[in-house]
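S.K.: Before I ask anything, here is the structure I am working with.
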Amino acid sequence: MDGLAAMGAKVDFLVPNRFEHGYGLTPELAEIAAAQGVDLLITVDNGIASIAGVARAQALGLDVIVTDHHLPADTVPDCIIVNPNQKGCGFPSKSLAGVSVIFMC
């Protein structure tokens with residue numbers, strides 16, 4: 001966040017309540033982000049299975065970057081994905097925690 005802010009970006013965050021919003025990037029969370037004026041939505045430690053949430057965010061005009069370490073299914077969201085476990089990734093450590101994945105960005 002500090003790096004983006006240092007480059008002039010207006011940065012904020014939202015820690016969703018799993019019981020209120022569900023797990024991962026849901027369509028509802030995409031709508032909340034869009035209502036707050038977000039241009040770029042970056043997930044941390046989730047999103048690899050959030051196909052509907054990413055699609056909704058994109059339909060609302062948001063760009064999406066998913067950072068995750070969980071194992072992907074055969075179908076993943078149509079966005080930029082940073083995940084050492086995705087097919088074709090040559091990064092040697094497949095056991096990174098989600099915090100390490102976003103730190104590597």
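Here, each number is a calculation from the coordinates, and none is a lab measurement. For clarity, every value in this text was computed on a predicted model and none was experimentally measured. Using ideal geometry, Cβ is built from the backbone for each residue, glycine included, and neighbour counts are taken over all protein chains shown.
S.K.: Could you give the dipole magnitude of the chain about its Cα centre, charging the beta-carbon of Lys and Arg +1 and that of Asp and Glu -1, in debye to the nearest 20?
M.R.: It works out to roughly 240 debye.
S.K.: Right, next: What is the sum of charges, Lys and Arg at +1 and Asp and Glu at -1, for the other residues whose Cβ falls under 14 Å from the Cβ of Gly8?
M.R.: Working: positive: Lys10; negative: Asp2, Asp39.
Spelling it out: positives minus negatives among the neighbours equals -1.
S.K.: Rounded, prolate or oblate: pick one for the chain, where a ≥ b ≥ c are the square roots of the eigenvalues of its C-alpha gyration tensor, a/c under 1.5 means rounded, and failing that, prolate if a/b is larger than b/c, else oblate.
M.R.: oblate
S.K.: Under a point spin-label approximation (7 Å from Cα along Cα-to-Cβ), what is the Glu28-Phe13 distance to one decimal in nm?
M.R.: 2.2
S.K.: Using Cα springs under 10 Å in a Gaussian network model of the chain, which residue among Val64, Val11, Val76 shows the largest mean-square fluctuation?
M.R.: Val11
S.K.: On to the next question. At R0 = 30 Å, how high is the FRET efficiency between Asp2 and Asn85 if r is their beta carbon distance? Nearest 0.05 is fine.
M.R.: 0.65
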